[in-house]
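> Input: one structure, supplied below.
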Amino acid sequence: MKYSVIGRDGLRVSKIALGTWSFGSVRAWGESRLEDLKKVVDYALDNGVNFIDTAEGYGSSEEILGELLKGYEREDIVLATKVGGKRFDYETVKARLLKSLERLQMDYVDLYQIHWPKMKHLWHGEDMTEKDYLDIYDSMFRLKEEGLIRYGGLSNFRLHHLKMFPDEAFKVLVTNQVPYSLVWRFYEVEGVADFCRARGMLFLAYSPLAQGLLTGRFKPGGKPLYPTQKANILFNEPVFSRAWRVVEEVIRVAEELDVKPAQVALRWVLEQDIVASAIVGTRSVEHLRENIEAVELNIPRRYLDMLNKVSLEFQSTLPLGLEMWIGNNRPEVLEKIGIKK
Ligand SMILES: NC(=O)c1ccc[n+]([C@@H]2O[C@H](COP(=O)([O-])OP(=O)(O)OC[C@H]3O[C@@H](n4cnc5c(N)ncnc54)[C@H](OP(=O)(O)O)[C@@H]3O)[C@@H](O)[C@H]2O)c1
């Protein structure tokens, strides 16, 4: 395993983080078996993965982790969780954090992230106000002072959001967790990566396999397995067929290098200097093993350049500012937001 350092006094996080949305969110990912999850957590921690990502919004994920992490030394784990909702004032955020800590059976979290900025066109039904940004800064700063969190982080924050924070806020807000993969590069091409880099913030790349699309498991004409994939714009036409051209290249490179497509896709993400860690979701020890191996994979530059090219070509077919889950993927809705057949 290799590690990155986030934050000024150095939180050392593994390049592959274990994403646990699927551990607890039956609505998005179907049922899990606790014994499988235990094997995955044990394998991760025994093989150098020290970074685990969860959220208060991931069903019973926090409770499950609370149970499965018992017996491990707290200092050996870097635990990231997230707060949702529409209010970011200190009292509200602290009350929610204390509930997360109770479920996790811990007395601090290493990285506490604001899960989503409020956006009027999404489920929040309202946009962020100036007060919200000051509240986030104030809450994170005070929770850090109190020792309840080691660092604060953001998630899904775009450039116009980030620009609203005072500069001092980036002393406590050290990461932006964003969707980032060969088929989702908005946060790079829209300038978020440059903004973060200039302020010492790093990306935590979520859905680095595009929820499984980049593994090559979902062929044209096949069906996505889980509700969250069905809701993902990438798994819906006409976007799927265009994204599939990128997947075909990933499969071709994997065949030439005699590795798995998922490993090629992950290695590409880890090549990007803005990425501290790729947060991969898995309930399979075998897949986790492959993902960990991807850290050491050496992909010749010519393949990386070619993947970069097809990836950017695909990206340019999508309208800027798009979210991966827009709530409704009917063709007429997609057409309205600029995705033509
Ligand atoms: N901040 C946010 O808003 C946000 C949003 C989404 C996700 N996240 C975080 O990011 C994590 C990962 O994202 P994600 O789960 O959406 O997407 P992902 O990691 O890109 O993909 C997960 C899917 O890939 C499969 N998979 C994993 N490794 C594989 C391998 N080596 N070969 C074949 N299939 C493989 C998994 O199935 P198996 O279980 O069968 O391996 C699962 O179906 C989440 O758990 C969560 O922690 C954050």
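> Let me spell out the model: positive unit charges on the Cβ of Lys and Arg, negative unit charges on the Cβ of Asp and Glu, origin at the Cα centre of the range 86-200. What dipole size does that give, in debye rounded to 20?
Once rounded to the nearest 20, the dipole reads 260 debye.
> Where nothing but the Cβ of Lys and Arg (+1) and of Asp and Glu (-1) is charged, how large is the charge dipole of the chain around its Cα centre, in debye to the nearest 20?
860 debye
> Moving on. Please enumerate, by chain and number, the lysines with C-alpha under 16 Å from the C-alpha of Lys86, excluding those fewer than 8 residues away in the same chain.
Lys94, Lys118, Lys120, Lys131
> Check cross-link reach from Lys15 to the lysines: straight Cα distance under 25 Å, and skip same-chain residues fewer than eight apart.
Within reach: Lys2, Lys38, Lys39, Lys70, Lys82, Lys144, Lys171, Lys260, Lys309.
> Could the peptides 289-302, 110-123 be put in order, highest first, of the mean number of other beta-carbon atoms found within 10 Å of their residues?
Final packing ranking: 110-123, 289-302.
> For Ser22, Ser277, Ser284, Ser207, which order do you get if you count the other beta carbons within 10 Å of each Cβ and list the fewest first?
Lowest count first: Ser284, Ser22, Ser207, Ser277.
> Test of understanding: what is the full-extension gain from Glu31 to Thr129, defined as 0.36 nm times their sequence separation minus their Cα-Cα distance?
So the extension gain works out to 31.5 nm.
> Next question, about the same structure. For the range 1-98, just say rounded, prolate or oblate: build the C-alpha gyration tensor, square-root its eigenvalues into a ≥ b ≥ c, call rounded for a/c under 1.5, and beyond that prolate if a/b exceeds b/c, oblate if not.
oblate
> OK, next. Using the Kirkwood formula over every pair of different C-alpha atoms, what hydrodynamic radius in Å results for the chain?
20.3 Å
> Another question, then. Give me Ile251, Ile136, Ile339 ranked fewest to most by other Cβ atoms within 10 Å of their Cβ, as a rough exposure proxy.
Neighbour counts put them in this order, fewest first: Ile251, Ile339, Ile136.
> Another one. Given Cα positions, please report Rg to Rh for the range 259-335, the hydrodynamic radius being the Kirkwood one.
1.05
> Another question, if that's okay. Provide the FRET efficiency to the nearest 0.05 for the Glu335-Leu98 pair, computing r from the beta carbons and using R0 = 35 Å.
Efficiency, from the Cβ-Cβ distance: 0.15.
FYI, it's all coordinate maths here, none of it is from the lab. Bear in mind the structure is a predicted one, so any value in this text is a computation, not a measurement. FYI the Cβ positions are ideal-geometry reconstructions off the backbone, even for glycines, and counts take in every protein chain you see.
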